[in-house]
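Chemist: Before I ask anything, here is the structure I am working with.
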Amino acid sequence: MTVEIPPQHEASLANSDLRPDEGWNVLYVDGEWVRPDHDRTLSVRDPSTGDELTTVPAGTEADTDRAFESADEAQSEWADATPAERAGVLREVASLLEEHEDELVRLLGLEAGGCRAKSAIECGITQELVSLTSSLPYRVNGEQSGSPIPGKQNNVLREPVGVVGVITPWNYPLNLALRAIAPALALGNAVVLKPDEKTPVVGGLALARLFEEAGLPDGLFNVVPGRGEEVGDHLSSHEDASVVSFTGSTEVGYTIAENAAENLTPPLLELGGNCPHVVLEDADVDRAIDAGVFGSFIHQGQGCISINRHLVHESLYDEYVERLAERAEALPIGDPLDPETVIGPIIDDGQRDRIVSLVEESREEGAVVRAGGDHDGRFVEPTVLSGVDNNMPIADCEHFGPIAPVIPFETDEEAVRLANDTEYGLAASVHSESERRAWEVADEIDAGMIHLNDQPVNDDPHTPFGGVKSSGLGRYNDQWMISELTETKWVSVQQSSREYPF
Ligand code: NAD
(Lines give C-alpha, C1' and ligand atoms only; values in the text may rest on other atoms or scores of the structure.)
Protein backbone atom coordinates (compact mmCIF):
# COMPACT_ATOMS: atom_id res chain seq x y z
CA MET A 1 0.00 0.00 0.00
CA THR A 2 1.29 3.51 -0.88
CA VAL A 3 -0.32 6.80 0.07
CA GLU A 4 0.59 10.08 -1.67
CA ILE A 5 -0.08 13.37 0.11
CA PRO A 6 -0.41 16.32 -2.29
CA PRO A 7 1.45 19.57 -1.64
CA GLN A 8 -1.73 21.43 -0.72
CA HIS A 9 -0.81 20.68 2.90
CA GLU A 10 1.92 23.27 2.54
CA ALA A 11 -0.90 25.83 2.74
CA SER A 12 -0.74 24.90 6.40
CA LEU A 13 -1.85 26.93 9.37
CA ALA A 14 -0.14 30.15 8.28
CA ASN A 15 -3.00 30.96 5.88
CA SER A 16 -5.79 30.43 8.35
CA ASP A 17 -8.26 33.27 8.66
CA LEU A 18 -8.51 32.39 12.35
CA ARG A 19 -4.82 33.09 12.91
CA PRO A 20 -4.20 36.04 15.25
CA ASP A 21 -2.02 38.89 13.88
CA GLU A 22 0.66 37.83 16.36
CA GLY A 23 0.82 34.33 14.80
CA TRP A 24 0.24 31.02 16.58
CA ASN A 25 3.25 31.19 18.90
CA VAL A 26 1.23 32.95 21.60
CA LEU A 27 -0.71 32.37 24.76
CA TYR A 28 -4.20 33.85 25.14
CA VAL A 29 -4.38 35.37 28.62
CA ASP A 30 -6.56 38.16 29.97
CA GLY A 31 -7.97 38.86 26.52
CA GLU A 32 -4.48 39.43 25.03
CA TRP A 33 -2.40 37.42 22.56
CA VAL A 34 0.86 37.34 24.48
CA ARG A 35 4.30 36.12 23.59
CA PRO A 36 5.57 34.27 26.64
CA ASP A 37 8.69 35.59 28.39
CA HIS A 38 10.53 32.37 27.45
CA ASP A 39 11.30 30.70 24.15
CA ARG A 40 10.11 27.17 24.89
CA THR A 41 7.93 25.89 22.08
CA LEU A 42 5.99 22.84 20.95
CA SER A 43 6.15 21.73 17.34
CA VAL A 44 2.70 21.07 15.86
CA ARG A 45 2.97 18.42 13.16
CA ASP A 46 0.80 17.33 10.27
CA PRO A 47 -0.12 13.70 11.03
CA SER A 48 -0.31 12.95 7.29
CA THR A 49 3.29 13.91 6.55
CA GLY A 50 5.04 14.46 9.87
CA ASP A 51 5.97 17.99 8.68
CA GLU A 52 5.87 20.89 11.10
CA LEU A 53 2.78 23.05 10.64
CA THR A 54 3.64 25.68 13.22
CA THR A 55 5.01 26.15 16.71
CA VAL A 56 3.11 27.22 19.81
CA PRO A 57 4.44 28.08 23.25
CA ALA A 58 5.25 25.24 25.61
CA GLY A 59 3.61 27.00 28.55
CA THR A 60 5.10 27.04 32.03
CA GLU A 61 3.72 26.99 35.55
CA ALA A 62 4.11 30.79 35.64
CA ASP A 63 2.05 31.12 32.41
CA THR A 64 -0.62 28.92 33.95
CA ASP A 65 -0.65 30.97 37.16
CA ARG A 66 -1.15 34.19 35.15
CA ALA A 67 -4.08 32.59 33.33
CA PHE A 68 -5.72 31.56 36.63
CA GLU A 69 -5.15 35.02 38.06
CA SER A 70 -6.88 36.72 35.14
CA ALA A 71 -9.71 34.15 35.17
CA ASP A 72 -10.23 34.63 38.88
CA GLU A 73 -10.32 38.43 38.58
CA ALA A 74 -12.79 38.43 35.70
CA GLN A 75 -15.15 35.75 37.03
CA SER A 76 -17.17 37.56 39.71
CA GLU A 77 -18.39 40.30 37.37
CA TRP A 78 -19.34 37.65 34.79
CA ALA A 79 -21.28 35.73 37.43
CA ASP A 80 -23.36 38.89 37.91
CA ALA A 81 -23.92 39.42 34.16
CA THR A 82 -27.51 38.98 33.03
CA PRO A 83 -28.49 35.66 31.43
CA ALA A 84 -29.06 37.66 28.24
CA GLU A 85 -25.43 38.87 28.19
CA ARG A 86 -24.03 35.38 28.70
CA ALA A 87 -26.47 33.77 26.28
CA GLY A 88 -25.66 36.45 23.69
CA VAL A 89 -21.95 35.57 23.65
CA LEU A 90 -22.70 31.86 23.28
CA ARG A 91 -25.17 32.49 20.44
CA GLU A 92 -22.54 34.58 18.69
CA VAL A 93 -19.95 31.80 19.08
CA ALA A 94 -22.45 29.29 17.63
CA SER A 95 -22.92 31.51 14.61
CA LEU A 96 -19.15 32.03 14.19
CA LEU A 97 -18.66 28.26 14.26
CA GLU A 98 -21.07 28.04 11.37
CA GLU A 99 -19.45 30.93 9.50
CA HIS A 100 -15.96 29.41 9.89
CA GLU A 101 -17.02 25.80 9.37
CA ASP A 102 -14.97 25.25 6.20
CA GLU A 103 -11.85 26.55 7.87
CA LEU A 104 -12.44 24.52 11.04
CA VAL A 105 -12.92 21.38 8.93
CA ARG A 106 -9.61 22.16 7.17
CA LEU A 107 -7.81 22.73 10.49
CA LEU A 108 -9.22 19.47 11.89
CA GLY A 109 -7.85 17.68 8.81
CA LEU A 110 -4.44 19.33 9.04
CA GLU A 111 -3.87 19.02 12.78
CA ALA A 112 -5.88 15.95 13.79
CA GLY A 113 -5.86 14.06 10.46
CA GLY A 114 -9.66 13.92 10.40
CA CYS A 115 -11.28 13.24 7.02
CA ARG A 116 -13.93 15.71 5.88
CA ALA A 117 -16.91 13.57 6.88
CA LYS A 118 -15.60 13.19 10.44
CA SER A 119 -14.64 16.85 10.75
CA ALA A 120 -17.98 18.03 9.36
CA ILE A 121 -19.82 15.83 11.89
CA GLU A 122 -17.65 17.23 14.67
CA CYS A 123 -18.34 20.82 13.57
CA GLY A 124 -22.08 20.16 13.27
CA ILE A 125 -22.38 18.60 16.73
CA THR A 126 -20.34 21.42 18.22
CA GLN A 127 -22.56 24.10 16.66
CA GLU A 128 -25.64 22.37 18.10
CA LEU A 129 -23.96 22.02 21.47
CA VAL A 130 -22.95 25.68 21.73
CA SER A 131 -26.33 26.80 20.48
CA LEU A 132 -28.14 24.67 23.06
CA THR A 133 -25.71 25.83 25.75
CA SER A 134 -26.82 29.41 25.15
CA SER A 135 -30.10 28.44 26.87
CA LEU A 136 -28.33 27.30 30.07
CA PRO A 137 -28.16 30.78 31.69
CA TYR A 138 -31.99 30.80 31.68
CA ARG A 139 -32.29 27.25 33.01
CA VAL A 140 -30.32 27.49 36.24
CA ASN A 141 -33.31 27.24 38.51
CA GLY A 142 -33.33 27.49 42.24
CA GLU A 143 -35.86 25.83 44.55
CA GLN A 144 -37.99 27.06 47.39
CA SER A 145 -39.55 25.01 50.18
CA GLY A 146 -41.02 25.23 53.65
CA SER A 147 -39.38 23.94 56.80
CA PRO A 148 -40.23 21.91 59.91
CA ILE A 149 -39.38 25.14 61.76
CA PRO A 150 -42.39 27.48 61.78
CA GLY A 151 -41.89 30.71 59.81
CA LYS A 152 -38.82 29.55 57.91
CA GLN A 153 -38.50 29.58 54.15
CA ASN A 154 -35.77 27.55 52.44
CA ASN A 155 -34.12 28.63 49.19
CA VAL A 156 -31.72 26.46 47.28
CA LEU A 157 -29.58 28.45 44.86
CA ARG A 158 -27.11 27.43 42.21
CA GLU A 159 -24.03 29.60 41.80
CA PRO A 160 -21.09 29.37 39.40
CA VAL A 161 -18.24 27.31 40.83
CA GLY A 162 -15.57 29.87 39.86
CA VAL A 163 -12.69 28.96 37.55
CA VAL A 164 -12.91 25.72 35.56
CA GLY A 165 -9.64 24.12 34.45
CA VAL A 166 -10.03 22.19 31.18
CA ILE A 167 -7.61 19.62 29.70
CA THR A 168 -8.48 18.04 26.34
CA PRO A 169 -7.22 15.36 23.92
CA TRP A 170 -6.42 15.58 20.19
CA ASN A 171 -8.97 13.25 18.60
CA TYR A 172 -12.11 15.46 18.59
CA PRO A 173 -10.33 18.60 19.76
CA LEU A 174 -12.94 21.18 18.80
CA ASN A 175 -15.90 19.39 20.30
CA LEU A 176 -14.20 18.07 23.41
CA ALA A 177 -12.91 21.54 24.29
CA LEU A 178 -16.16 23.41 23.64
CA ARG A 179 -18.34 20.89 25.45
CA ALA A 180 -16.56 22.00 28.65
CA ILE A 181 -15.78 25.66 27.86
CA ALA A 182 -19.22 26.68 26.55
CA PRO A 183 -21.30 25.47 29.53
CA ALA A 184 -18.68 26.71 32.00
CA LEU A 185 -18.95 30.24 30.58
CA ALA A 186 -22.73 30.08 30.11
CA LEU A 187 -23.10 29.29 33.81
CA GLY A 188 -21.00 32.28 34.92
CA ASN A 189 -17.60 30.65 35.35
CA ALA A 190 -14.19 31.52 33.87
CA VAL A 191 -11.98 28.98 32.09
CA VAL A 192 -8.30 28.08 31.77
CA LEU A 193 -7.76 25.61 28.90
CA LYS A 194 -4.76 23.43 28.19
CA PRO A 195 -5.33 21.89 24.77
CA ASP A 196 -3.53 18.75 23.64
CA GLU A 197 0.07 19.23 22.42
CA LYS A 198 -0.93 17.85 19.00
CA THR A 199 -3.95 20.10 18.39
CA PRO A 200 -3.35 23.39 20.22
CA VAL A 201 -4.70 25.47 17.32
CA VAL A 202 -8.08 23.96 16.42
CA GLY A 203 -8.54 22.76 20.00
CA GLY A 204 -7.42 25.99 21.68
CA LEU A 205 -6.03 29.16 20.10
CA ALA A 206 -8.55 29.24 17.22
CA LEU A 207 -11.36 28.96 19.79
CA ALA A 208 -10.00 31.97 21.63
CA ARG A 209 -10.31 33.89 18.34
CA LEU A 210 -13.99 32.95 18.18
CA PHE A 211 -14.71 34.03 21.76
CA GLU A 212 -12.75 37.25 21.22
CA GLU A 213 -14.79 38.01 18.10
CA ALA A 214 -17.99 37.12 19.95
CA GLY A 215 -17.23 39.83 22.54
CA LEU A 216 -16.50 37.68 25.59
CA PRO A 217 -15.10 40.04 28.26
CA ASP A 218 -11.33 39.81 28.81
CA GLY A 219 -9.94 37.26 31.23
CA LEU A 220 -12.84 34.81 31.16
CA PHE A 221 -11.28 32.41 28.67
CA ASN A 222 -7.55 31.71 28.71
CA VAL A 223 -5.52 29.26 26.62
CA VAL A 224 -2.15 27.95 27.77
CA PRO A 225 -0.73 25.41 25.31
CA GLY A 226 1.82 23.14 26.94
CA ARG A 227 2.90 19.67 27.91
CA GLY A 228 0.64 17.43 29.93
CA GLU A 229 3.19 16.71 32.60
CA GLU A 230 3.89 20.45 33.01
CA VAL A 231 0.90 22.71 32.32
CA GLY A 232 -1.60 19.84 32.67
CA ASP A 233 -0.15 18.71 35.96
CA HIS A 234 0.00 22.25 37.36
CA LEU A 235 -3.51 23.10 36.14
CA SER A 236 -5.09 20.01 37.66
CA SER A 237 -3.48 20.64 41.03
CA HIS A 238 -4.07 24.41 40.96
CA GLU A 239 -5.64 25.75 44.14
CA ASP A 240 -7.71 28.26 42.13
CA ALA A 241 -9.37 25.55 39.99
CA SER A 242 -12.92 24.96 41.27
CA VAL A 243 -13.56 22.04 38.90
CA VAL A 244 -11.09 20.19 36.67
CA SER A 245 -12.65 18.92 33.46
CA PHE A 246 -10.48 16.28 31.80
CA THR A 247 -11.00 14.22 28.65
CA GLY A 248 -8.26 11.74 27.83
CA SER A 249 -6.82 8.39 28.78
CA THR A 250 -7.81 6.51 31.91
CA GLU A 251 -4.19 6.37 33.01
CA VAL A 252 -3.82 10.16 33.02
CA GLY A 253 -7.36 10.48 34.41
CA TYR A 254 -6.24 8.80 37.64
CA THR A 255 -3.37 11.31 37.95
CA ILE A 256 -5.77 14.20 37.36
CA ALA A 257 -8.13 12.88 40.05
CA GLU A 258 -5.25 12.59 42.53
CA ASN A 259 -4.01 16.11 41.72
CA ALA A 260 -7.47 17.60 42.06
CA ALA A 261 -8.07 15.75 45.33
CA GLU A 262 -5.13 17.63 46.90
CA ASN A 263 -7.37 20.73 46.91
CA LEU A 264 -10.71 18.85 47.22
CA THR A 265 -11.44 20.06 43.68
CA PRO A 266 -14.06 17.90 41.97
CA PRO A 267 -12.78 16.21 38.80
CA LEU A 268 -15.08 15.70 35.82
CA LEU A 269 -13.54 12.82 33.89
CA GLU A 270 -14.24 11.38 30.44
CA LEU A 271 -11.76 8.57 29.93
CA GLY A 272 -11.08 5.54 27.77
CA GLY A 273 -13.46 2.95 26.37
CA ASN A 274 -13.55 -0.56 24.92
CA CYS A 275 -16.94 -0.42 23.24
CA PRO A 276 -18.67 -3.63 22.13
CA HIS A 277 -20.94 -3.78 19.06
CA VAL A 278 -23.20 -6.75 19.84
CA VAL A 279 -24.96 -8.49 16.95
CA LEU A 280 -27.58 -10.91 18.30
CA GLU A 281 -28.82 -14.02 16.50
CA ASP A 282 -31.94 -12.28 15.13
CA ALA A 283 -30.18 -9.07 14.00
CA ASP A 284 -30.68 -7.45 10.62
CA VAL A 285 -27.17 -8.16 9.31
CA ASP A 286 -27.24 -5.38 6.71
CA ARG A 287 -27.95 -2.78 9.35
CA ALA A 288 -25.46 -4.27 11.79
CA ILE A 289 -22.70 -4.15 9.16
CA ASP A 290 -23.53 -0.61 7.99
CA ALA A 291 -23.36 0.52 11.62
CA GLY A 292 -20.26 -1.58 12.28
CA VAL A 293 -18.30 -0.05 9.39
CA PHE A 294 -19.06 3.48 10.54
CA GLY A 295 -18.51 2.82 14.25
CA SER A 296 -15.19 1.03 13.72
CA PHE A 297 -13.60 3.20 11.06
CA ILE A 298 -14.72 6.79 11.60
CA HIS A 299 -11.58 8.79 12.35
CA GLN A 300 -9.48 5.65 11.90
CA GLY A 301 -11.07 4.24 15.07
CA GLN A 302 -9.44 6.96 17.19
CA GLY A 303 -12.43 7.65 19.40
CA CYS A 304 -13.27 6.74 22.96
CA ILE A 305 -16.70 5.61 21.72
CA SER A 306 -15.43 3.84 18.57
CA ILE A 307 -16.30 0.16 18.28
CA ASN A 308 -13.36 -1.69 19.81
CA ARG A 309 -14.87 -5.20 19.49
CA HIS A 310 -17.58 -6.74 17.29
CA LEU A 311 -19.38 -9.50 19.23
CA VAL A 312 -21.34 -11.54 16.68
CA HIS A 313 -23.63 -14.54 17.13
CA GLU A 314 -21.99 -17.71 15.79
CA SER A 315 -24.81 -18.31 13.25
CA LEU A 316 -24.05 -14.96 11.56
CA TYR A 317 -20.31 -14.94 12.17
CA ASP A 318 -18.93 -16.10 8.78
CA GLU A 319 -21.26 -13.91 6.72
CA TYR A 320 -20.60 -10.92 8.99
CA VAL A 321 -16.81 -11.25 8.81
CA GLU A 322 -16.80 -11.71 5.05
CA ARG A 323 -19.05 -8.74 4.34
CA LEU A 324 -17.36 -6.48 6.89
CA ALA A 325 -14.01 -7.31 5.26
CA GLU A 326 -15.37 -6.42 1.77
CA ARG A 327 -16.63 -3.10 3.07
CA ALA A 328 -13.36 -2.34 4.88
CA GLU A 329 -11.32 -3.00 1.76
CA ALA A 330 -13.42 -0.55 -0.24
CA LEU A 331 -12.82 2.43 2.08
CA PRO A 332 -10.67 5.10 0.38
CA ILE A 333 -7.43 5.79 2.26
CA GLY A 334 -5.44 8.96 1.79
CA ASP A 335 -5.24 12.71 2.20
CA PRO A 336 -7.78 13.73 4.85
CA LEU A 337 -8.33 17.05 3.02
CA ASP A 338 -9.54 15.18 -0.08
CA PRO A 339 -13.36 14.98 0.14
CA GLU A 340 -13.27 11.36 -1.14
CA THR A 341 -11.09 10.10 1.71
CA VAL A 342 -12.58 8.08 4.55
CA ILE A 343 -9.41 6.76 6.20
CA GLY A 344 -6.80 9.39 7.05
CA PRO A 345 -3.60 9.06 9.07
CA ILE A 346 -3.06 7.84 12.62
CA ILE A 347 -2.13 10.78 14.83
CA ASP A 348 1.55 9.92 15.34
CA ASP A 349 4.19 7.24 14.95
CA GLY A 350 3.83 6.04 18.54
CA GLN A 351 0.08 5.33 18.17
CA ARG A 352 0.70 3.72 14.74
CA ASP A 353 3.36 1.42 16.20
CA ARG A 354 1.08 0.47 19.06
CA ILE A 355 -1.81 -0.45 16.73
CA VAL A 356 0.45 -2.44 14.39
CA SER A 357 1.94 -4.40 17.27
CA LEU A 358 -1.46 -5.14 18.85
CA VAL A 359 -2.51 -6.66 15.50
CA GLU A 360 0.76 -8.58 15.22
CA GLU A 361 0.59 -9.96 18.77
CA SER A 362 -3.03 -11.03 18.21
CA ARG A 363 -2.06 -12.76 14.95
CA GLU A 364 0.58 -14.69 16.86
CA GLU A 365 -2.18 -15.80 19.23
CA GLY A 366 -4.34 -17.04 16.35
CA ALA A 367 -6.28 -14.05 14.96
CA VAL A 368 -6.66 -14.10 11.16
CA VAL A 369 -6.41 -10.96 9.01
CA ARG A 370 -9.45 -10.91 6.69
CA ALA A 371 -8.94 -7.38 5.30
CA GLY A 372 -6.15 -4.82 5.56
CA GLY A 373 -3.26 -5.56 7.86
CA ASP A 374 -0.75 -3.32 6.07
CA HIS A 375 0.35 0.29 6.57
CA ASP A 376 2.30 3.04 4.80
CA GLY A 377 3.75 5.70 7.07
CA ARG A 378 0.97 6.66 9.44
CA PHE A 379 -1.78 5.31 7.17
CA VAL A 380 -3.06 2.01 8.53
CA GLU A 381 -5.41 -0.03 6.37
CA PRO A 382 -8.86 -0.68 7.79
CA THR A 383 -8.33 -4.16 9.15
CA VAL A 384 -10.81 -6.95 9.95
CA LEU A 385 -9.70 -9.83 12.17
CA SER A 386 -11.52 -13.12 12.68
CA GLY A 387 -10.78 -15.92 15.11
CA VAL A 388 -10.38 -13.37 17.87
CA ASP A 389 -11.11 -14.03 21.51
CA ASN A 390 -11.78 -11.45 24.17
CA ASN A 391 -8.38 -11.88 25.81
CA MET A 392 -6.25 -11.18 22.75
CA PRO A 393 -4.38 -7.85 22.95
CA ILE A 394 -6.44 -6.23 20.16
CA ALA A 395 -9.69 -6.92 22.06
CA ASP A 396 -8.44 -6.55 25.61
CA CYS A 397 -6.94 -3.03 25.14
CA GLU A 398 -8.49 0.15 23.81
CA HIS A 399 -6.69 -0.20 20.46
CA PHE A 400 -7.65 3.26 19.13
CA GLY A 401 -7.10 2.22 15.50
CA PRO A 402 -8.99 1.24 12.30
CA ILE A 403 -9.19 -2.36 13.45
CA ALA A 404 -12.33 -4.49 13.70
CA PRO A 405 -11.75 -7.66 15.75
CA VAL A 406 -14.77 -9.97 15.41
CA ILE A 407 -15.52 -12.33 18.30
CA PRO A 408 -18.18 -15.09 18.14
CA PHE A 409 -20.64 -15.96 20.93
CA GLU A 410 -23.33 -18.61 21.43
CA THR A 411 -25.97 -17.08 23.72
CA ASP A 412 -27.19 -13.63 24.74
CA GLU A 413 -25.80 -14.31 28.22
CA GLU A 414 -22.36 -14.99 26.77
CA ALA A 415 -22.55 -11.79 24.72
CA VAL A 416 -23.26 -9.81 27.90
CA ARG A 417 -20.43 -11.53 29.75
CA LEU A 418 -17.96 -10.73 26.95
CA ALA A 419 -19.23 -7.15 26.61
CA ASN A 420 -18.68 -6.55 30.32
CA ASP A 421 -15.32 -8.31 30.52
CA THR A 422 -13.33 -5.06 30.40
CA GLU A 423 -12.28 -2.39 32.87
CA TYR A 424 -14.20 0.18 30.79
CA GLY A 425 -17.90 1.04 30.60
CA LEU A 426 -18.32 3.93 28.19
CA ALA A 427 -20.64 3.04 25.27
CA ALA A 428 -22.05 -0.02 23.50
CA SER A 429 -24.45 -1.01 20.74
CA VAL A 430 -26.82 -3.98 20.42
CA HIS A 431 -28.51 -5.23 17.24
CA SER A 432 -31.66 -7.35 17.21
CA GLU A 433 -34.93 -7.41 15.22
CA SER A 434 -36.65 -7.59 18.60
CA GLU A 435 -36.38 -4.27 20.40
CA ARG A 436 -37.35 -6.03 23.62
CA ARG A 437 -34.52 -8.54 23.33
CA ALA A 438 -32.05 -5.76 22.56
CA TRP A 439 -33.29 -3.86 25.65
CA GLU A 440 -32.85 -6.97 27.80
CA VAL A 441 -29.23 -7.30 26.70
CA ALA A 442 -28.63 -3.53 26.98
CA ASP A 443 -29.95 -3.61 30.56
CA GLU A 444 -27.20 -6.06 31.50
CA ILE A 445 -24.32 -4.21 29.82
CA ASP A 446 -22.33 -1.93 32.12
CA ALA A 447 -22.01 1.26 30.09
CA GLY A 448 -22.98 4.90 30.41
CA MET A 449 -24.43 4.99 26.87
CA ILE A 450 -26.06 2.19 24.84
CA HIS A 451 -27.52 2.45 21.35
CA LEU A 452 -29.93 -0.16 20.01
CA ASN A 453 -29.72 -1.03 16.30
CA ASP A 454 -27.05 1.61 15.83
CA GLN A 455 -23.36 1.88 16.78
CA PRO A 456 -21.71 3.61 19.76
CA VAL A 457 -20.43 6.79 18.07
CA ASN A 458 -23.27 9.11 19.09
CA ASP A 459 -23.27 12.41 20.93
CA ASP A 460 -26.57 14.30 21.08
CA PRO A 461 -25.88 17.56 22.89
CA HIS A 462 -29.09 17.37 24.98
CA THR A 463 -28.38 13.84 26.31
CA PRO A 464 -25.93 12.83 29.08
CA PHE A 465 -22.48 11.81 27.82
CA GLY A 466 -20.25 9.76 30.09
CA GLY A 467 -19.20 6.36 31.32
CA VAL A 468 -19.06 3.97 34.27
CA LYS A 469 -16.21 1.84 35.70
CA SER A 470 -12.80 3.16 34.52
CA SER A 471 -14.41 5.24 31.77
CA GLY A 472 -14.98 8.26 33.93
CA LEU A 473 -16.85 10.28 36.49
CA GLY A 474 -19.75 12.66 35.84
CA ARG A 475 -21.75 13.53 32.74
CA TYR A 476 -21.24 16.15 30.02
CA ASN A 477 -23.93 18.03 28.05
CA ASP A 478 -26.87 20.27 28.76
CA GLN A 479 -28.59 20.10 32.17
CA TRP A 480 -26.02 17.60 33.52
CA MET A 481 -23.40 20.32 33.23
CA ILE A 482 -25.51 22.53 35.51
CA SER A 483 -24.89 20.02 38.32
CA GLU A 484 -21.19 19.69 37.45
CA LEU A 485 -20.38 23.39 37.06
CA THR A 486 -22.50 25.11 39.69
CA GLU A 487 -22.33 25.03 43.47
CA THR A 488 -25.50 24.50 45.48
CA LYS A 489 -26.19 27.01 48.24
CA TRP A 490 -28.95 26.80 50.87
CA VAL A 491 -30.21 30.19 52.07
CA SER A 492 -32.97 30.07 54.68
CA VAL A 493 -35.06 33.06 55.75
CA GLN A 494 -36.63 33.07 59.22
CA GLN A 495 -39.67 35.18 58.36
CA SER A 496 -41.21 35.30 61.83
CA SER A 497 -39.76 35.11 65.32
CA ARG A 498 -38.50 31.68 66.15
CA GLU A 499 -38.86 29.94 69.50
CA TYR A 500 -35.52 28.56 70.65
CA PRO A 501 -35.35 25.96 73.47
CA PHE A 502 -33.06 28.11 75.62
P1 NAD B 1 -3.86 11.52 27.11
O2 NAD B 1 -4.50 11.19 28.40
O3 NAD B 1 -2.47 11.10 26.88
O4 NAD B 1 -3.86 13.11 26.86
C5 NAD B 1 -5.03 13.89 27.05
C6 NAD B 1 -4.63 15.24 27.63
O7 NAD B 1 -4.01 15.04 28.90
C8 NAD B 1 -3.62 16.02 26.78
O9 NAD B 1 -3.95 17.38 26.80
C10 NAD B 1 -2.31 15.78 27.53
O11 NAD B 1 -1.38 16.82 27.34
C12 NAD B 1 -2.80 15.77 28.96
N13 NAD B 1 -1.89 15.09 29.89
C14 NAD B 1 -1.03 14.07 29.62
N15 NAD B 1 -0.34 13.74 30.74
C16 NAD B 1 -0.77 14.55 31.73
C17 NAD B 1 -0.46 14.70 33.11
N18 NAD B 1 0.44 13.92 33.70
N19 NAD B 1 -1.12 15.63 33.83
C20 NAD B 1 -2.06 16.41 33.24
N21 NAD B 1 -2.40 16.34 31.94
C22 NAD B 1 -1.77 15.42 31.19
O23 NAD B 1 -4.85 10.96 26.04
P24 NAD B 1 -4.62 10.77 24.48
O25 NAD B 1 -3.85 9.53 24.24
O26 NAD B 1 -4.09 12.01 23.88
O27 NAD B 1 -6.16 10.61 24.01
C28 NAD B 1 -6.71 9.38 23.86
C29 NAD B 1 -7.46 8.92 25.09
O30 NAD B 1 -8.50 9.83 25.41
C31 NAD B 1 -8.12 7.60 24.85
O32 NAD B 1 -7.99 6.77 25.97
C33 NAD B 1 -9.58 7.98 24.65
O34 NAD B 1 -10.48 6.96 24.91
C35 NAD B 1 -9.71 9.12 25.58
N36 NAD B 1 -10.86 9.95 25.18
C37 NAD B 1 -11.98 9.90 25.95
C38 NAD B 1 -13.12 10.62 25.58
C39 NAD B 1 -14.38 10.55 26.41
O40 NAD B 1 -15.25 11.39 26.23
N41 NAD B 1 -14.51 9.57 27.29
C42 NAD B 1 -13.08 11.40 24.43
C43 NAD B 1 -11.93 11.43 23.67
C44 NAD B 1 -10.81 10.70 24.08
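Chemist: Once phi is turned into ³J(HN,Hα) by the Karplus curve 6.51 cos²θ - 1.76 cosθ + 1.60 with θ = phi - 60°, what whole-Hz value does each residue of segment 412-426 show in order, with x for glycine and proline?
Modeler: 4, 5, 5, 4, 5, 4, 5, 4, 8, 7, 7, 6, 8, x, 8
Chemist: From the C-alpha gyration tensor of the chain, pull out the three semi-axes of the equivalent ellipsoid (sqrt of 5λ each), sorted largest to smallest, in whole Å.
Modeler: 40, 30, 19
Chemist: Below 8 Å, C-alpha to C-alpha, sequence gap of six or more: please give me the relative contact order for segment 380-486 in percent.
Modeler: With pairs under 8 Å counted, the relative contact order is 20 percent.
Chemist: Between T488 and E319, 0.36 nm times their residue separation minus their Cα-Cα distance comes to what?
Modeler: Numbers: separation 169, 0.36 × 169 = 60.84 nm, distance 5.47 nm.
Between T488 and E319, full extension yields an extra 55.4 nm.
Chemist: Take the alpha carbon atoms of segment 381-433, find their center, do the same for segment 436-477, and report the distance between the two centers in whole angstrom.
Modeler: The distance from the Cα centre of segment 381-433 to that of segment 436-477 comes to 16 Å.
Chemist: With θ taken as phi - 60° and the coefficients 6.51, -1.76 and 1.60, list the Karplus ³J(HN,Hα) couplings across segment 17-22 in order, rounded to whole Hz; mark glycine and proline as x.
Modeler: Per residue, the Karplus-derived 3J(HN,Hα) values read 6, 9, 6, x, 4, 6 Hz.
Chemist: Roughly what would the spin-label model give for T411 and A84, points 7 Å off Cα along C-beta, in nm?
Modeler: Here the modelled spin labels are 6.5 nm apart.
Chemist: How high is the relative contact order of the chain, in percent, counting Cα pairs under 8 Å that sit 6 or more residues apart?
Modeler: It rounds to 18 percent for the chain.
Chemist: Sorted by average packing, counted as other Cβ atoms within 10 angstrom per residue and highest first, what order do 215-222, 12-19 take?
Modeler: 215-222, 12-19
Chemist: While we're looking at this one, here's another question. Straight distance only, please: which lysines reach the Cα of K152 with their own Cα at less than 30 Å, same-chain residues fewer than 8 apart left out?
Modeler: Here the lysines satisfying the reach criterion relative to K152 are K489.
Chemist: Quick one: what are the phi-derived ³J(HN,Hα) couplings along segment 390-396, Karplus 6.51/-1.76/1.60 with θ = phi - 60°, whole Hz, x for glycine and proline?
Modeler: Along segment 390-396, the couplings run 4, 9, 5, x, 5, 9, 6 Hz.
Chemist: Given a 1.4 Å probe, how much area per residue of segment 275-452 is accessible, in Å²?
Modeler: Working: 6700 Å² over 178 residues.
Value for segment 275-452: 38 Å² per residue.
Chemist: Still on this structure, I have one more. Using a 10 Å cut-off on Cβ atoms, rank the peptides 160-173, 136-149, 424-437 from the highest mean neighbour count down.
Modeler: The most tightly packed comes first, giving 160-173, 424-437, 136-149.
Chemist: Using label points projected 7 Å from each Cα along Cα→Cβ, tell me how many nm separate E340 and E499, to one decimal.
Modeler: Taking the simple label geometry, E340 and E499 are separated by 8.8 nm.
Chemist: When the helices in the chain are scored as -39500 (n - 2.57) per DSSP H run of 4 or longer and the sum is shared across all residues, what 222 nm value do you end up with, to the nearest 500 deg cm²/dmol?
Modeler: That comes out to -11000 deg cm²/dmol.
Chemist: Now a separate question. Counting other C-beta atoms within 10 Å, and keeping those with at most 15, which DSSP coil trypsin sites (Lys or Arg not before Pro) do you find in segment 186-235?
Modeler: Filter output for segment 186-235: R227.
Chemist: If I stretch the segment between D374 and S76 completely, what's the gain in nm (0.36 nm per residue apart, minus their alpha carbon distance), one decimal?
Modeler: 101.7 nm
Chemist: If one computes the Cα centroid of segment 210-263 and of segment 17-65, what distance in Å separates the two points?
Modeler: Result: 17 Å between the Cα centres.
Chemist: For segment 275-452, what does the equivalent ellipsoid look like in terms of its semi-axes, each the square root of 5 times an eigenvalue of the Cα gyration tensor, given largest first in whole Å?
Modeler: Details: eigenvalues 129, 54, 46 Å².
For segment 275-452, the ellipsoid semi-axes come out as 25, 16, 15 Å.
Chemist: Which lysines have a Cα less than 26 Å from the Cα of K194, not counting those fewer than 8 places away in the same chain?
Modeler: List returned: K118, K469.
Chemist: Then there's this: Given a 1.4 angstrom probe, I'd like the percentage of the accessible area of segment 364-449 that is carbon and sulfur, rounded to a whole number. Write out the running numbers ahead of the final one.
Modeler: Numbers: 1340 of 3440 Å².
The nonpolar share, carbon plus sulfur, comes to 39 percent.
Chemist: Related question: Give me the extension gain from T41 to R91: residue separation times 0.36 nm, minus the current Cα-Cα distance, reported in nm with one decimal.
Modeler: My answer for the length gained is 14.6 nm.
The values are calculated or read from the model by the stated rules, or taken from the named source; none is laboratory data. These figures come from a predicted structure and were not determined experimentally. Note that we place each Cβ from the backbone using ideal geometry, even for glycine, and neighbour counts take in every protein chain shown. For accessibility, only protein heavy atoms count, side chains too; no ligands or nucleic acids. Shrake-Rupley method; radii C 1.70, N 1.55, O 1.52, S 1.80 Å.
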